Every structure is written in structure tokens, then in C-alpha cells.
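Report on the structure given below.
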Amino acid sequence: MENILSILVFFPAVAALLGFIVDKESARAYGITVATIEFFLSLWLWFSFDTSSAGMQFVEMIPLIPDMGISYYLGVDGISLFIILMTTLMTLIGIASMGETKNIKNMIVTLLFLEMTMVGVFVALDAIIFYVFWELSLVPMLYIIGAWGGPLRIYASVKFFLYTFTGSLIMLVGMLFVAYIYHNLTGVWSFAITDWYALVLPVNYQLWLFAAFFIGFAIKVPMFPFHTWIPYAHGQAPTIGSVILAAILLKMGTYGFVRFSLPMFPDASVLSITPIAVLSLIMIIYTAMIAYAQKDVKQVIAYSSVSHMGIIMLGLFAMNAEGLSGSVFQMLSHGIVSGALFMLVGMIYERRHTKLMSEFGGIASVMPKFAIIFGIMLMASVGLPLTIGFVGEFLVLLGFYQVSPIMTILAGTSIILGAVYMLRVMKRTFFGPLDNEENKKLKDLNARETWSLIPLVAIVIWLGVYPKPVLAPIDNSVKALLSFMDEKAITQEAKDMIRVAKSNKEVN
């Protein structure tokens, strides 16, 4: 199929426009239908993808402003392929699992526009096109939080927008400066990321540009100390907003590091390993402790999400195949598991209109299906072997152990801390006496909710037992990235670090 990437990007947007003429009663069915088609298009992309190739595939290039070097330039590799799959899957399941929602037609239209921007970010190979999709993604999420959120929704949505928009502006300055450097060296303007990869920049330039891109990506992750917007965003967002935010939007930040920072600034990336590792460790341990102190189940999962994003960041800067492949796989794992947990919290909130653990207790006896699925996702979250959460965390820790055994041991406490606060949630919510009369009347998962969650449970177990179909294409692209970084690095320290990483055993 020609122009499959363009179809993937713009089909949800066209469907969203047509959604304005769909009547309210048909809005949910319409949204599920569109999201299902989009998901099957992404499956076709996977089945047509040459998993033995590490380069960009399905490339589309149309000059838009030739004099400025701005082009409509799209492509995917083994890294972006599975993030796109996760995007379409979680959007579909999020729409399918939604409960009763006011103005559901507007919500469906907004979600389809948001899907367009998210897919656009992961396929864009022109910096300006990437930036346009990156910024456009803020608008639907701002609307979702502001229109359907909790009592503090306006504060939460404005804080979310200001944080991410400010970081994006700083990143834009970095992009413009890279284009300026490219013009000075070649005599032509270009915003194609693949053209920028050919630039060999002095280390001092790399450090300043790395910092500019770092701020934009770190706020989106969100890394400490830029994380303070996330508890409000999750706390006030409706369930579908939290699902999309945790599963996909946060991955735009970590994806940006892979697509821009590592290949463009290899020396600066190596020099930044220690400070980023320290920030990642703070994310892992500090936010895990905050999660333990929470009384609201949704806030526990929100802070848990930040803690696990710290693991992903650690793997990105391991500079070896194990760490990088594990980090990309952990992006998928985190998206599936955290998205499912937010969905589950939303389902119990619809029944009891509270998220406080003190209001529950013993509900496993009246909601056994809910308790089983929550337990499976909880175990995947803490990295139980044979679940999807174990694979990524193990590879990340294995990879970073080659950089710093001590830091890796500290990062490994995330497994213990995660088990402590998540098992606490399980104990206080599902076990003990069923004292509250309101809890005795709770209904278990209905058919719509059950069938929304079953695919996620299947993926959690399947990729936990047999991750190779996903890991192999990721590993090919990661190895190509490391090889490119090795060739481009200027300092011997960077070359030595990356060369050692390349010689390590292949990830299977």
C-alpha cells in the first residue's frame, strides 16, 4: 500500500472532521470503528515491515518549502514501528472502554485529532513537521483535561500546557540553530533529520544543543525536577485522558531522545550519562516513595508511572544494545501496563465515585474478574518474570550495569519499592473485611469492560513469555544507531564507551 504512513497520520483527522456530522447516539460506535481501522492499518504496517532491515522504511518525501529545506518527510524504523502500534491499540481500547461521558461526540472527535498528532510525531523525519505534530498534540489534551476533568481541571490543563509549551519553544531554538549550522556548512537549508545526522559538531556546540533538546524532551517525559505538572494532569484528567497521557504522550519525550539527541550529539550524550543517571535515580526512588504515601489509587499509579519512566531514561543512556533495546521495549511495556491500570481505576471510580483506598476493602469477593485483571497488571508493573514488565526492566538494568554497577543496584530498588506500594494498594482495596455497604453492591466488569482489557492481558503475558517478535526489529535499529554514533563521535571517551557497547552480545 503506497503512502501508508500518510494514511495512518491523516485518516483519524479526516474521520474526526466527518465525526461532526455523526449523531450523538452513534458517536461511540463511530469512534471505535475509526480507531479499529487505524489499528488494522498499523498491523498492516508491521506485517509489511522488513524486520531484518535497520533503516527507515515506507519513506515519503514531498518538498513543501524547498528554499528553506522544509519537506513532508516521513519514515519508520524498528523503534518507531512498535510505538505506533501501541498508539493505535491504546487509542482503540481507550475509546472502547470509556464509560458514560458528557458530550461524548466532542470527546471522540478530540481523541481522533489527538491520535493524528501522536502518530505524526512518531513518523516525522523533518524537524519542522515533527515540531508541528508535537505542538498540535498539546491542544486536544489541553481540551480533554479542561473540558472533562475534575474540580481543578483548569489549573491542571494550564500547568500542563505552560510546562510543555515552554520546553517546546526552547527545543525549537535548538532546531533552528542546527538548521543554521547545516546551512553554513553546506550552503543549503535542510530540516531533514537524516541530513542533520551527517553533521559532526564540536563538543561545545553539542553540549549546548543537547541541553536545548533535553529541556523539551525532559519536560514531556517528565524528568525530575520538571515532573510537577504530571500529578495534577493525571489527578484531574478523565480516565481516557490519563490512559493516553501515560501510555503514549510521555513516550514522545523518550522517543525524542532516541530520534534526535543520541544520534545528533553522541559526545554530549556520553558526557551526560552521569547527570542523567542521577536524575533518573531520583525519579525512580523519590517518586516511588511519594507513591507509597498516597491515599488516592490514581495518584499512586501516576507517581508509579513517573518512577518507571526513570527506568526508561536510564536505559536510553546505557549506550549499549541491552540498555537501549530494553528501554524501547519498556516504553511499550509501560504504555500497556500503566494505560490498563488507569483504565481499571476509572472503572471502579464510575461505580463508587471515589478513588480513596480507605473507601474500599474486600471488593475482590464482589468483583473477582476486576481483582484478577488488576492483579495481573499490578504484577507486570512491578516486573514479575513472565510478564511484559520484567523483560524491559531486566534488559535496562543489565545494560546499565556495564556503566555503573552501584547505580544499577540503586535503580533495582524500583522493583522492591514498586512491589511495596502496589501490593499495599492491592491489600487495602481488594482484601480484608467487606465493611462498606456501598461496596457490597458493586458490580463486576461488564462485557464491554472485560473485552477491552482482555487484549492487554494477552499482550502482557505473550510478550513476557516470548518477546522476540518485538525485540528483534528493535534490536536491529538500536545496533544501527550505536554503530552510527560510534562513527560520528569525536572524543575518545565517547568512542570507547560506544565501541564497548557494540561488542556486547546480541539481544535476543
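The number of residues in the stretch 23-51 that are among the small types (Gly, Ala, Ser), touching a helix residue (DSSP H, G or I) at 6+ places or on another chain (Cβ under 7 Å) and closer than 21 Å to Asp475 by Cα comes to 1.
Of all residues in the stretch 419-449, exactly one satisfies the criterion of being closer than 30 Å to Leu397 by Cα and either among the hydroxyl-bearing types (Ser, Thr, Tyr) or in contact with a His (Cβ under 8 Å, 6 or more places away or on another chain) (or both), namely Tyr421. Only residues that are of a type in the set (Val, Ile, Thr) and within 22 Å of Val59 (Cα to Cα) were counted across the stretch 189-201, and they come to 2. Of the residues making up the stretch 184-201, just one is of a type outside the set (A, V, I, L, M), modelled with pLDDT of 90 or more, over 29 Å from the mean Cα position of the chain (by Cα) and in a loop (DSSP other than H, G, I, E, B), namely Trp189. Among all positions in the stretch 361-374, there is at least one residue which is over 22 Å from the mean Cα position of the chain (by Cα), at pLDDT below 90 and within 20 Å of Gln294 (Cβ to Cβ). For Leu481, are the conditions met, namely being buried (at least 16 other Cβ atoms within 10 Å of the Cβ) and not in a helix (DSSP H, G or I)? It is false that Leu481 is buried (at least 16 other Cβ atoms within 10 Å of the Cβ) and not in a helix (DSSP H, G or I). Restricting the stretch 349-365 to residues that are outside any helix (DSSP H, G or I) and not aliphatic (A, V, I, L, M), the residue that is surrounded by the most Cβ atoms within 10 Å (Cβ to Cβ) is Phe360. Among the residues that make up the stretch 3-20, is at least one of them of a type in the set (Gly, Ala, Ser), without any contact (Cβ under 8 Å) to a residue 60 or more places away in the chain and over 18 Å from Thr194 (Cα atoms)? Looking through the stretch 3-20, none of the residues is of a type in the set (Gly, Ala, Ser), without any contact (Cβ under 8 Å) to a residue 60 or more places away in the chain and over 18 Å from Thr194 (Cα atoms).
Applying the condition of being β-branched (Val, Ile, Thr) and surrounded by fewer than 17 Cβ atoms within 10 Å (Cβ to Cβ) to the stretch 145-169 and asking which residue is farthest from Ala218 (Cα to Cα) yields Ile154.
Scanning the stretch 220-230 for residues that are crowded, with 22+ Cβ neighbours inside 10 Å and either assigned to a helix (DSSP H, G or I) or of a type in the set (Gly, Ala, Ser) (or both) returns Lys220, Ile230.
Only residues that are in contact (Cβ under 8 Å) with a residue 40 or more places away in the chain and either acidic (Asp, Glu) or farther than 20 Å from Gly335 by Cα (or both) were counted across the stretch 385-407, and they come to 8. Are any of the residues in the stretch 94-112 crowded, with 17+ Cβ neighbours inside 10 Å, of a type in the set (A, V, I, L, M) and under 28 Å from Leu481 (Cβ atoms)? Within the stretch 94-112 (the criterion being crowded, with 17+ Cβ neighbours inside 10 Å, of a type in the set (A, V, I, L, M) and under 28 Å from Leu481 (Cβ atoms)), the answer is no, since none of the residues qualifies. Taking residues in the stretch 294-317 that are within 12 Å of Leu279 (Cα to Cα), and partners anywhere that are charged (D, E, K, R) and assigned to a helix (DSSP H, G or I), the pairs with Cβ atoms closer than 6 Å and at least 6 places apart or on different chains are Ile311/Glu393. Residues in the stretch 291-348 that are closer than 9 Å to Val396 by Cα, in contact with a Gly (Cβ under 7 Å, 6 or more places away or on another chain) and part of a helix (DSSP H, G or I): 7 in all. Taken over the stretch 426-461, the criterion of being in contact (Cβ under 8 Å) with a residue 12 or more places away in the chain and under 21 Å from Thr87 (Cβ atoms) is satisfied by Trp451, Ser452, Leu453, Pro455, Leu456, Val457, Ile459, Val460. When Phe394, Phe390 are screened for being closer than 30 Å to Asn446 by Cα, part of a helix (DSSP H, G or I) and modelled with pLDDT of 90 or more, only Phe390 passes. Restricting Phe210, Phe214 to those that are within 15 Å of Met485 (Cα to Cα), part of a helix (DSSP H, G or I) and modelled with pLDDT of 90 or more reduces the list to Phe210. Looking at the stretch 282-290, can you tell me whether even one residue there is outside any helix (DSSP H, G or I) and either surrounded by fewer than 20 Cβ atoms within 10 Å (Cβ to Cβ) or within 18 Å of the chain's Cα centre (by Cα) (or both)? No - not one qualifying residue is present in the stretch 282-290.
Of all the residues in the stretch 299-310, those that are surrounded by fewer than 22 Cβ atoms within 10 Å (Cβ to Cβ) and under 23 Å from Ile388 (Cβ atoms) number 0. In the stretch 279-300, the count of residues that are among the small types (Gly, Ala, Ser) and under 17 Å from Ala494 (Cβ atoms) is zero.
The values are calculated or read from the model by the stated rules, or taken from the named source; none is laboratory data. Given the structure is predicted, the values throughout are model-derived calculations rather than measurements. Quick reminder, even Gly has a Cβ in these numbers, built from the backbone with ideal geometry, and neighbours come from all protein chains shown.
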